[in-house]
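Okay, so here's the structure we're looking at.
We did not get these values from a lab; they are worked out from the coordinates using the rules stated. Not measured: the values here are computed from a predicted model. FYI the Cβ positions are ideal-geometry reconstructions off the backbone, even for glycines, and counts take in every protein chain you see.
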Amino acid sequence: MDENEEFEFRARAEREAAAGTSQPPKYDRRAFDNGPLKIGKEGFGDSLREVLRDTDWLTRNIAGAGSAVVNAAEGVKGLFGKADADQVAAQKIIAEEAPVGNIAGNVALLAPTALIPGANTVTGAATVGAVSNALITPGDLKERAKAAAMGGLGGAAGAKASQLLAKAAPATVSPNVRTLTDEGIVLTPGQNAGGVLKAMEDKATSVPIVGDVINAARKRGLKEFNEAAIERAKLPGMQVDGVGSGAVQDLRQGLGAAYDDVLSRSSANALEDDFVNKMASLRSMVSSLPAKEQKAFDAIIEREIGQRMAPNGMINAENLQAVKSAIGTEAKNFATSTDAYQRQLGQALKQADQEFRDLVTRANPQNATELAAIDKAYAAFKRIQRAAAGVGTEDGVFTPAQLLSAAKALDKTKDKRAFSEGTALLQDLAAAGKEVMPSKVPDSGTAGRLLSNITTPNGLLSTLLGAGAALPLSAAYSKTGSRVINSAVNKGAIPARNALQRLLARNPNISRNVGSATLAELVRN
C-alpha cells in the first residue's frame, strides 16, 4: 500500500467510525396522540385551549367575560358581512373554556335593555331576549334564529322566576329546630334541615353501618332532649346525674329536700279562713263517697292536721314537715288501690295536700319566691316522672312523644285549655321534639344487620359500601361535626339563599338577563 492508498484507507475508516456513533433523531410520540400534529393556523385552537386550561379559574373567566363583548361585536359586524371567522372561532373556544365568565359578560351586555319599557314583563323579556341575542350572535340566519328562540325562552323564564321569587316566602330555620337548638340539643344534619334531606336521612338508617352512625347521633340527641327537660325541673345548684331512672330519682329527692328546707323555716295557721273554707268544700265533695271512705278522710285530716296544730291553729316548722309527708303518703297509697272509691279518696287527699301547700305559701311570704320556684319545678318533674314511666321507655329515657302525652295528661285547666292553646307546661319542648326527633329510642342493630346482609351478594356489597362511607359520615355526625354543619346551614346557607331571593325579586333585570344569556349561550357553543 503506497502513501496515497494508506491515506484514503484511514480517511474512510474515520468516516465509518463517525457514522457508527451518530444517534437517530428522537420524536415525542405523545404529540401525535390526538391525530396528526397541527402547526400554524390549524394549531391555534388547540394551543388556545391549552393556554386557557393552564390558567387559573379567575383569570380564565375574566377572559370569558371579555370574549362575550368581542363575540357580540362580531355578531353585529356579521349583519354587514364583515365578521372575522377566525375571531369568532377563537371566542367560541374561550366561551367553552370559561362559561361562567362568558355568561356574566353577556348578562352585563344585556343590562342596558332594562331601560326598555316593559322589558321585565314575561312578554317583554321574551321579546328583548330574542331580538338582542339575534343581533349579537355571529353566524347565519339559522344560528341567529336558534339564539333568538333560546334567548327569548330564557328571558321569559327569568322574568317569571323573578315574579315567583317576589311572592315566595323566605327560607327560615324551623321554629321547632330553633326551640331544640336553644335548649342545647345537637340535631343531626337531616333533622336540622328537615324536608327531603330528613326523609333521605330516615331511609339511610336502614343501610348497614351508615344507619348505625346516624342512629347513634339521633340517640345522642334524644339523651340531650331528656337532659333539657330535666334541666327545666332542676333548682339552682341541684345535682342530677345523667338521664333515665336514676336522674328521675335524683330529681324527686332533690326537690323534696328543697321543700323540707323551706318548711323548716316556716309556720302556718290551719284556722286561716281561706284554708278552712277550701277544706270544707273538699269535705263536701267527699260526702258523695261511701261512709267508710268518708270516715277515713276525716280521720286522716284530724290526725295529721287537727292533732298537730296548737289551740290557736298554729303549726310549727317540725309539724309542717310531718303533715306534708303524712298526707302525701296517704294520698299515694289510696290512689294506687284497686277499689274505685278508695282511688277517689286518694284524689281527695291529694287535693288536701295541695291546699295545705298553698296555705304554707300564703303564710310565709318571705319564702314565697322559693316555694313558687319549687312548685314550678315539681310540676315539671311530675310530667317527666310520668313520661319516664311510660310504656316502651328504656331505663327511664323517654321520647318527645311520651313527654307530650304526659304534658297533656297533667294539664289541669278546664277542657285542657292550656294544652289546646300550646301553653301547657313543657309542651313547647315536647311538641318541638315530637316533630323533629324519632318517636322511639333508636336501636343500632349492628350485629343483626351485618349477619343478615353478608349472606347475600347484594347485601355484602351494601355492607362494604356502608363501611366505606362510615368514616366521613362519622365525622359529619359527631357532635362537633353536626353542630358545624347545622350552623353553616342555619347561619350561612339560609341567609345567603334569602339574600339571593331578595336580589332577584327586587331586580328582575338580573334574572331576565341571566336566563336569556344562559340559554342563548348554550346554542352559540
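Among 390-398, 322-330, 103-111, the peptide with the highest mean count of other Cβ atoms within 10 Å heads the list, and the full ranking is 103-111, 322-330, 390-398.
Remark on region 235-436: Rg and Dmax equal 18.2, 59 Å (Cα only). Taking the Cα centre of each part, how many Å lie between region 309-378 and region 145-194? Each part's Cα centre sits 56 Å from the other's.
The phi torsions of region 472-485, fed into the Karplus equation with coefficients 6.51, -1.76 and 1.60 and a -60° offset, translate into couplings of x, 5, 4, 5, 5, 9, 5, 4, 5, x, 5, 5, 5, 5 Hz, rounded to whole numbers, with Gly and Pro shown as x. Projecting label points 7 angstrom from Cα along Cα→Cβ for K376 and S287 puts them 3.9 nm apart. The tail of the calculated P(r) for region 168-294, taken as Cα-Cα distances beyond 25 Å, holds 59 percent of the pairs.
Taking R0 as 35 Å, what FRET efficiency do you get between R343 and R178 from their Cβ-Cβ distance, rounded to the nearest 0.05? Walk me through the numbers on the way to the answer.
Working: r = 42 Å, r/R0 = 1.20.
Using R0 = 35 Å, I get an efficiency of 0.25.
In this structure the amide hydrogen of M314, modeled in the peptide plane, comes within under 5 Å of the amide hydrogens of A270, none closer than 5 places in sequence on its chain.
What does the helix-only formula give at 222 nm for the chain: each DSSP H stretch with n ≥ 4 adding -39500 (n - 2.57), the total divided by the residues, and the result rounded to the nearest 500 deg cm²/dmol?
Working: 25 runs with 368 residues, N = 525.
Rounded to the nearest 500, it is -23000 deg cm²/dmol.
Place the peptides 354-366, 334-346 in order of packing, highest mean first, counting for every residue the other Cβ atoms within 10 Å and averaging per peptide. Kindly include the intermediate steps, with their values, before the conclusion.
Numbers: 354-366: 17.5, 334-346: 15.6.
In decreasing order of mean packing, 354-366, 334-346 become 354-366, 334-346.
I want the local charge near T181. Using Cβ-Cβ distances under 12 Å, sum +1 for each Lys or Arg and -1 for each Asp or Glu among the other residues. Taking every other residue near T181 into account, the sum is 0. For region 344-350, 3J(HN,Hα) computed residue by residue from phi via the Karplus equation (6.51, -1.76, 1.60; θ = phi - 60°) reads 5, 4, x, 5, 5, 5, 4 Hz, glycine and proline entered as x.
Compute the helix-to-body angle for 44-53: its Cα long axis versus the longest principal axis of the chain, expressed 0 to 90° and rounded to tens. It works out to around 30 degrees. A straight Cα-to-Cα reach below 30 Å connects K82 with the lysines K38, K41, K92, K142, K146, residues fewer than 8 places away in its own chain not being considered.
Each part gets one Cα centre, and for region 259-292 versus region 66-144 those centres are 90 Å apart. Across region 231-273, the residues whose backbone nitrogen lies under 11 Å from the label position 7 Å along the beta-carbon direction of M314 are 267-269.
Between 0 and 90 degrees, the angle of helix 494-506 with respect to the longest Cα principal axis of the chain falls at about 60 degrees.
Only Lys, Arg, Asp and Glu carry charge here, each on its Cβ (+1 for the first two, -1 for the last two); on that basis region 470-521 has a dipole of about 280 debye about its Cα centre.
Residues whose amide H comes within less than 5 Å of that of V397, counting only those at least five positions distant or on another chain, are S245 (H built at 1.01 Å from N in the peptide plane). Simple spin-label estimate for K219 and L522 gives 4.8 nm between the two label positions (7 Å along the Cα-to-Cβ direction from each Cα).
Checking [x] 4, 18, 29, 27, 15, 5, 1, 0; [y] 3, 12, 14, 13, 12, 12, 10, 7, 7, 5, 3, 1, 1, 1, 0, 0, 0; [z] 4, 14, 15, 15, 15, 14, 11, 7, 4, 1, 0, 0 against the coordinates, the calculated P(r) over Cα pairs in 10 Å bins from 0, in percent falls under label [y]. For region 508-516, the Karplus equation 6.51 cos²θ - 1.76 cosθ + 1.60, evaluated at θ = phi - 60°, returns couplings of x, 4, 5, 5, 4, 6, 4, x, 5 Hz by residue, with Gly and Pro reported as x. For region 106-142, backbone nitrogen atoms closer than 20 Å to the point 7 Å from A166 Cα along Cα-to-C-beta are found at 111-129.
Could you tally the net charge around K295, taking each other residue with its Cβ under 14 Å from the Cβ of K295, Lys/Arg +1 and Asp/Glu -1?
Local net charge: -1.
Rounded, prolate or oblate for region 131-187? Axes are the square roots of the Cα gyration tensor eigenvalues, ordered a ≥ b ≥ c, and the cut-off for rounded is a/c under 1.5. Because a/c hits 1.5 or more and a/b exceeds b/c, region 131-187 counts as prolate. Length gained on full extension, K203 to K142: 17.0 nm, using 0.36 nm per residue less the C-alpha separation.
Under 1.5 on a/c is rounded, so check that first for region 271-314, then, if it is not, pick prolate when a/b is larger than b/c and oblate when it is not; a ≥ b ≥ c are the square roots of the alpha carbon gyration tensor eigenvalues. Let's see the in-between values first.
Details: a/c = 4.61, a/b = 1.52, b/c = 3.03.
It is oblate, given that a/c is not under 1.5 and a/b is not larger than b/c.
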